1. Is the stretch A:14-212 best put as rounded, prolate or oblate by its Cα gyration tensor, with a ≥ b ≥ c the root eigenvalues, rounded for a/c under 1.5, and otherwise prolate when a/b is larger than b/c, oblate when not?
2. Where the only charges are on Cβ atoms (+1 Lys, Arg; -1 Asp, Glu), what is the dipole of the stretch A:130-248 about its Cα centre, to the nearest 20 debye?
3. Among B:GLU83, A:GLU242, B:GLU198, B:GLU40, which comes first, second and so on when ranked by fewest other beta-carbon atoms within 10 Å?
4. Cβ neighbours within 10 Å, averaged per peptide: list A:147-153, B:103-109 in order, most packed at the top.
5. How large is the dipole of chain B about the Cα centre if only Lys and Arg carry +1 and Asp and Glu carry -1, each at its Cβ, rounded to the nearest 20 debye?
6. Among B:GLY69, A:GLY198, B:CYS210, pick out the residue whose Cα is farthest towards the positive end of the charge dipole of the protein assembly as shown, where Lys and Arg carry +1 and Asp and Glu carry -1 on C-beta, about the Cα centre.
7. Size of the dipole of chain A about the Cα centre, Lys and Arg at +1 and Asp and Glu at -1 on the beta carbon, nothing else charged, in debye to 20?
8. Lys/Arg Cβ at +1, Asp/Glu Cβ at -1, dipole of the stretch B:1-99 taken about the Cα centre: which of B:ALA20, B:GLY92, B:ASN48 is farthest positive-ward?
Amino acid sequence: MFAGLDMDIARGRVTAIMGPSGTGKTTLLRLITGQAVADSGSIHVAGTDMRSVRRADLYVLRQRMGMLFQNGALLTDLSVFENVAFPLREHTDLPERLIRQLVLTKLQAVGLRGAAPLMPAELSGGMTRRVALARAIVMDPEILIYDEPFVGLDPISMGVILRLIRRLNDALGLTSIVVSHNVQEISTVADTVFLLSGGKVVARGTPQELQSYPSDVVRQFVGGLPDGPVPFHYPAIDYFSELLAQGEDH
Amino acid sequence: MNPIRELWKSLKETLQDLGAITRFLLRLIAHSPRALLRFELIVQQVFNSGALSLVIIMLSGLFVGMVLGLQGFQLLQRFGSEEALGTAATIGLVKELGPVVTALLFAGRAGTALASELGLMRATDQLSAMEMMAVDPIQRVVVPRFLGGVITMPLLAAIFSLIGIYGAQLVGVQIMGVDSGSFWSQMRASVDLRDVNEGIVKSCIFGIACSLIAVYEGYYATPTAEGVGRATTRTVVTSAVVVLFLDYLLTAAFL
């Protein structure tokens, strides 16, 4: 899937990873988080080699990471409060009073303290994403990873998530990695953007630098052009030859 | 198409599946001691698999017992020994029908619920989210469900048999007129602990088999609506076949 991919993600910054669909952005996140192992090459996260890390060490490392999944991935049998409290209950022996304070603090940070008793099925898409964000930061991680955080959100919810990405990154001193398609939106919060295509980085720089990047792929992606280096048509045999080949099965 | 090659391929796949499920079982067993430390998670699953299956188990037990009472009475009447109805019904229920029918009902009610729940958790990234929170989903989610099922099955089988005996008594004594004293005394005299043990062993083994199949199918379900549906169907079909096959082996072993 990747060939010659070379990326450095700076500590304390918001880094966006963008690219056309099917280019391997989510796979890259899976490699960074150790959910998948690369066949070759090397991936280092906070000094840990992800290709040779032992399972126990991986779990220790993951306690320093938070991840926001595309659909939130809240545990459907737990309330909002219990979802946010989940990592604390699993990894700490904190007294109930402290857990309550920590959970309410994080829910307040995402504006959903009032939704604490609700069940995930009662939440809108934007609220689900915000609860998942509260859960992702409840262990005070160093690295926060967002997988397509804006999919299916209305403009207000999208604005809220964008603001939270920037605010949480700066307030908590995080390193944020955001995978997204939304060029305009992510440009407002990202410090650095990597554009992937064909298994490698085709552009890197600030969002402003990307706007005038001398590359057809970048121009097509940033401008949202339907045809270009990423073709409109899926590879197929000649159109007329196929139409004239009557009655032959595909 | 070469039938021998196809047969060999199918056999190889079956052996691979068997190997995979055995490895999965060993993994569950290895995680079980730590899971037992959080017994409240297991109790929750005993409630989900057991308490929520009670109505169907009790109703089925009653009807199976009543049918057994009718059929048994008709058969025994031919030999003039209808007083043995209590013994016949109890042995049939405790050794055979109780464990087997309970296992089949468990696979249909609790097994499918377990498989679809785990499959949906996989499809909605809940299991991946746990992994990312450094929580092992096998330890936190799968093992409590597996152990819950294993604990639940003998309890449900016992309730099934108990209600079944009452059903047989209802029909045999209350409707067909078998003497109540003979019904109970012959039962107590002829059914010994070995019969009860056979039922307990069977239901424990069926509990392991049905729970294992359900959590395995759910955990490894393809994360799509179709994949979850297929996992649910496979849970019922595989459990039914395995239970009946194991029942034969266990019955032969106890002879």
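1. Working: a/c = 1.96, a/b = 1.30, b/c = 1.51.
Judged from the Cα gyration tensor, the stretch A:14-212 comes out oblate (a/c at least 1.5, b/c at or above a/b).
2. On the way: 8 positive and 14 negative charges, 109 e Å.
That gives a dipole near 520 debye.
3. B:GLU40, A:GLU242, B:GLU83, B:GLU198
4. Packing proxy ranking, top to bottom: B:103-109, A:147-153.
5. Numbers: 18 positive and 18 negative charges, 103 e Å.
That gives a dipole near 500 debye.
6. B:CYS210
7. Working: 23 positive and 26 negative charges, 243 e Å.
Dipole about the Cα centre, nearest 20: 1160 debye.
8. With unit charges placed on the Cβ atoms, the residue in question is B:ALA20.
We did not get these values from a lab; they are worked out from the coordinates using the rules stated. Owing to the predicted nature of the structure, the values given are computational and were not obtained by experimental measurement. Reconstructed Cβ throughout: ideal geometry from the backbone, glycine too, with neighbour counts over all protein chains shown.
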